Amino acid sequence: MRRSGDIYTSTRWLLLVSGLLLGSCILHTSLYSQALQPARFERPQKGSDDYYHIISLAQEGLALFRERDKFKGGNRLWELLLLDTALQEKKLIELDIKERYKMIGYEVLPGSMYLLYRTGETTKNDFELIHVKFADGEITRHTIKPDLDFKVTHFTRAAETFAFGGYVNNEPTIFLYELPTGLIKVVPGFFQKDTELVDLRTNQNQTFNSVMVDRGSKGERKLTFRTFNSSGEMLLEDKVPLEENITLQAGISSTLEREELMVFGTWGEKNSKQSTGFFALPIDPFADQKIQRVDFGSLQHYVDYLSTKRAARIKALSKQAAEAKQIPNFINYVMPFKVTEYKDGYLLLAEVYTPSSTINPYYSSPYYNPYSFGPYGYSPYFPGYYYPGMSRLYRPYPYTTNSKSADEIKSNESVIVAFDANGNVMWDQSFKLEDVKLASVEQASDFCLVRNKLSILYKKESELKIKSIALQSDESQEITEKIKTNDPVDEIRSEKDYEGGVRQWYNNTFYVWGYQTIRNVTKEDRVREVFYINKVEVY
């Protein structure tokens, strides 16, 4: 018979072994990744229906917005559908909009949003700003008449003022619309030839930043950074000279979530349409700071999407060029999409893409800016993913994809680069995007950083691709998850090309959306066309 002391000893031994096994499990499976899909929203999609535009309301849910093929009193109806974070429908609001009006932007606030329309097809038309309250559906309309032949490329809100950025006669211009008074005023100092407005962004304290870059071929070129209060009074100006043989191709400013003001983007050789690397610029009008530049080949993981042999050669040539103080030859088409501020610094998300040989991705800006698209200069540099105060310009979706070519834009890789407060690169990570084709240069991936684990996601057809990286050890794991339907009998027959994607929603939660053809033999309507959104939690 076993004595109590033996039982105690055996119990201690079992606990010790269990503890060792558990510790081993934690040590070796710290990279274990799991993606849960706890909710799905689905709605029938007819062939004549317009595509939904999805607007994140962070932890208030999602707003789905689209134009309808219905009319009321001669006006076209638009549908605003509000979902909670469980993807349950909260409210449906209908807006009647004049037929000739074109939606070009929006701004999100807690409990409400603003929708920006242009009152016609030309750059001479006025604007209509519509305020929608979510609780009761109350709608307020404001007419904005700038009396300018104005091509809008940026739109943002600072306190009770809306700032419009764009061009008049190919010269950058910013005008303000004060909501309480209805007054319009042009911000001075922006009518400059051979200059591009590359960013207009609201800070957390309701001031706003502008970034301009000289595009002239003669004289000293510079980047000009300015911060204004909501009345348009300049609070800060910093002019930084550009090196003779380089150009800055894009710029995204930080938004004072941290103490520093920074600008991040891509750089390349003068007059080049492709990028050589990334840059970071700490803003300090009282010091002669330099633009911190890093070329792609000097980053640890940027060239991981290429073959091992080619990647090694690019890195070797980059090192040789640095020693010789030359610009490396390796260049890419690269689109920076957003900057995230966090406790250790800044995270820049960018994607490598291949443009179609049949179209020019630089057509819309007077300076061939590859970061503006559409008849109103759609810019993807919206003040992304912070809340409140998200805003962006809107890309209207076409009714059909017949005019799109399967090789228009191919996204090749997602890249995340971490910078410290001085603009130095701390680390970089990447995720190869497999055969992701889009109708235009659009964000195909997104990420979240929880503790020291970075997760990057993108959608390929009806699958979710996830890469998790332990930053301390640089170990990584890739998994694929099928996009789940509500009924286990559902069979996904196809996924619509060019539409859909994935975005970080809040914390470690994402939403993925698209359009599917689904077959279910147990239902009367065996085949159905649907629009869907799945909630995704990454652990």
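A few points about this structure:
- Region 153-247: translational diffusion in µm²/s, Stokes-Einstein, Kirkwood Rh over Cα pairs, 37 °C, 0.692 mPa s: 239 µm²/s
- Under 20 Å from residue 133, Cα to Cα: aspartates and glutamates that are on another chain or at least 8 residues apart: 60, 67, 79, 84, 89, 94, 96, 107, 160, 178
- Placing a pseudo-label 7 Å from each Cα along the Cα-to-Cβ vector at residue 435 and residue 124 gives an inter-label distance of 5.0 nm.
- Above 14 Å, the calculated P(r) of region 416-464 contains 62 percent of its Cα-Cα pairs.
- Estimated D of region 84-235 in µm² per second, where Rh is the Kirkwood radius over Cα pairs and Stokes-Einstein applies at 25 °C, 0.890 mPa s: 146 µm²/s
- Close amide-amide hydrogen proximity is noted between residue 198 and 211, 212, 213, each under 5 Å apart and 5 or more residues distant or on a separate chain (H modeled in the peptide plane; Pro and chain starts excluded).
- Pairwise Cα distances in region 449-539 exceed 23 Å in 32 percent of cases.
- Across all Cα pairs in region 113-172, the calculated P(r) in 10 Å bins from zero up to the longest distance comes to 20, 50, 24, 6, 0 percent per bin.
- Rg/Rh (Cα only; Kirkwood hydrodynamic radius) as it applies to region 187-305: 0.98
- Accessible surface of region 483-527 [probe 1.4 Å, protein heavy atoms]: carbon and sulfur percent: 39 percent
- Pair residue 496, residue 220: separation of 7 Å Cα→Cβ label points (nm): 5.3 nm
- In summary, the aspartates and glutamates within cross-link reach of residue 459, defined as a Cα separation below 16 angstrom excluding same-chain residues under 8 places away, comprise 351, 413, 434, 435, 442, 446, 478, 481, 495, 497, 499, 537.
- Qualifying lysines (Cα of each under 20 Å from Cα of residue 523; at least 8 residues distant if same chain): 46, 484
- Extension gain (nm, one decimal) between residue 46 and residue 32, 0.36 nm per residue minus Cα-Cα: 1.0 nm
- By accessible area with a 1.4 Å probe, ligands and nucleic acids excluded, highest first: order of 426, 113: 426, 113
- Integer Hz, Karplus 6.51/-1.76/1.60 couplings in order for region 45-52, x for Gly and Pro: 10, 7, x, 8, 6, 6, 7, 6
- Structure note, pairs 90/343; 193/218; 270/319; 72/124; 239/270: Cα-Cα distances above 23 angstrom occur for 90/343; 72/124.
- Shape call, region 163-213: gyration tensor on alpha carbons, a/c limit 1.5: oblate
- J(HN,Hα) series, region 503-510, from Karplus relation 6.51 cos²θ - 1.76 cosθ + 1.60, nearest Hz, glycine and proline x: 9, 5, 9, 7, 6, 9, 10, 10
- Computed FRET value (nearest 0.05) for residue 477 with residue 257, which takes r as the C-beta separation and R₀ as 35 Å: 0.75
- Region 204-243: proportion of alpha-carbon pairs further apart than 14 angstrom, %: 49 percent
- Counting only protein heavy atoms and using a 1.4 Å probe, the accessible area of residue 168 comes to about 20 Å².
- Extension gain for the segment residue 450 to residue 274, taken as residue separation times 0.36 nm less the Cα-Cα distance, is 60.1 nm to one decimal.
- Binned Cα-Cα distances of region 79-131, short to long, each 5 Å bin given as a whole percent: 5, 16, 24, 22, 15, 10, 6, 3, 1
- Linear extension gain, residue 288 paired with residue 243, 0.36 nm per residue minus alpha-carbon span: 14.8 nm
- Solvent-accessible area of residue 435 with every protein chain in place, 1.4 Å probe, in Å² to the nearest 10: 90 Å²
- Accessible-area order (highest first, 1.4 angstrom probe) of the listed residues 222, 437: 437, 222
- Relative packing of 443-456, 281-294, which averages over residues the other C-beta atoms within 10 Å, highest first: 443-456, 281-294
- Surface accessible to a 1.4 Å probe, residue 233 within the full protein complex, Å²: 110 Å²
The values are calculated or read from the model by the stated rules, or taken from the named source; none is laboratory data. Because the structure is a prediction, the values reported are computed rather than measured. Counting neighbours? That spans all protein chains shown, and the Cβs are built from the backbone with ideal geometry, glycine included. Ligands, DNA and RNA are stripped out before the accessible areas are found, and what is left, the full protein with its side chains, is counted by its heavy atoms. Shrake-Rupley method; radii C 1.70, N 1.55, O 1.52, S 1.80 Å.
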